[in-house]
Amino acid sequence: MWNWLHAAVRKILSGGVSVSEDKNKQEEANPVWLIVGLGNPEREHTGNRHNIGFMALDRLAEDGNLPAWRNKHGGLINETKFVASGERALLLKPQTYMNRSGQSVAEAARFHKISPSNIIVLHDELDLPPGKIRVKKGGGAAGHNGLKSIDADMGSQDYWRIRIGIGHPGDRDRVSDYVLSDFTKDERHKMDILCAAISRHIDLLIKGRDADFMTKISEETKD
């Protein structure tokens, strides 16, 4: 009887919701995945090859009819819930510039208690042709300053990467100017198709079906 009375009092004090019910609702509302798109802020960089991570997240937000991005964790954030998996994800576009992306990613991950294994980072990849992607979990930064920053600030490399090919200028001395220049019209068309495919099928990666994710992307981005 006393246990029942105690529970009833707690429910009244919590506004008619039991503590266990309230906890379950909080857990359901918290994002369990963090999807990060890398790039540089400011309008002048919008169409840069280095900003393909931002472009991919913008497409995801557009397809999901998400509200306006808001400022938090040193970046622009949004939230979505994937229909197929039922998983909630925080979308993040760090505004700390590429070389300091890790500050924003680490702050968001720690605030929401999201483990590295539940983080997906979309970034540009020089060693892949434009419009092609590779997916892997863990591994080194391969010279990418955004990934180096995330590795350092997270203290872990155990996160997913979606490497989006932008091609290589053919000369190492031209790399900096190349990544900070805009896609050509043909390249941008390929990127639009790729970003749309990523948006449609990223839920497969969240469900642990990375091979299926790659298959779908390959099928929908064939030349």
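Over the stretch 108-223, the hull volume per residue, using the convex hull of the C-alpha atoms, is 115 Å³. Coupling constants for the stretch 100-113 follow from the phi torsions by the Karplus curve (6.51 cos²θ - 1.76 cosθ + 1.60, θ = phi - 60°), and in residue order they are 10, 4, x, 4, 5, 4, 5, 4, 5, 5, 6, 4, 9, 6 Hz; glycine and proline get x. Here the convex hull built on the C-alpha positions of the stretch 154-217 has a volume of 138 cubic angstrom per residue. Remark: the stretch 72-78, residue by residue, has Karplus-estimated 3J(HN,Hα) of 6, 6, x, x, 9, 10, 8 Hz, where x stands for each Gly or Pro and the curve is 6.51 cos²θ - 1.76 cosθ + 1.60 at θ = phi - 60°.
When the Gaussian network model of the chain links Cα atoms closer than 10 Å, the mean-square fluctuations of Asp203, Asp58, Asp186 top out at Asp186.
A cut-off of 5 Å between modelled amide H atoms, ignoring neighbours fewer than 5 places along the same chain, links Val121 with Val36, Trp160, Arg161, Ile162. Using the structure shown, select from Lys72/Lys148; Lys132/Lys222; Lys137/Lys222; Lys72/Lys93; Lys81/Lys207; Lys137/Lys190 the pairs with a Cα to Cα distance greater than 19 angstrom. Pairs exceeding 19 Å: Lys72/Lys148; Lys137/Lys222; Lys137/Lys190.
Of all DSSP bridge pairs formed entirely within the stretch 30-220, close to 55 percent run antiparallel. Phi-derived couplings, Karplus 6.51 cos²θ - 1.76 cosθ + 1.60 at θ = phi - 60°, listed residue by residue for the stretch 144-149: 7, 5, x, 5, 4, 5 Hz, with x used for Gly and Pro.
Based on C-alpha pairs under 8 angstrom that are at least 6 apart in sequence, the chain has a relative contact order of 22 percent. Of all the options Trp33, Trp69, Trp160, the one that moves most in a Gaussian network model of the chain with Cα springs shorter than 10 angstrom is Trp69.
Ranked from largest, the principal axis spans of the Cα set of the stretch 44-99 equal 35, 22, 19 Å. Considering only Ala141, Pro169, Leu204, and ranking their Cα positions along the charge dipole of the stretch 30-220 that arises from unit charges at the beta-carbon of Lys, Arg, Asp and Glu, the one farthest toward the positive end is Leu204.
Restricted to Cα atoms, the stretch 30-220 shows a radius of gyration and a Dmax of 15.2, 46 angstrom.
Only the coordinates and a few stated rules stand behind these numbers; no lab work does. Predicted model only: the values in this text are computed from it and were never measured. Virtual Cβ from ideal backbone geometry, glycine too; neighbours counted across all protein chains shown.
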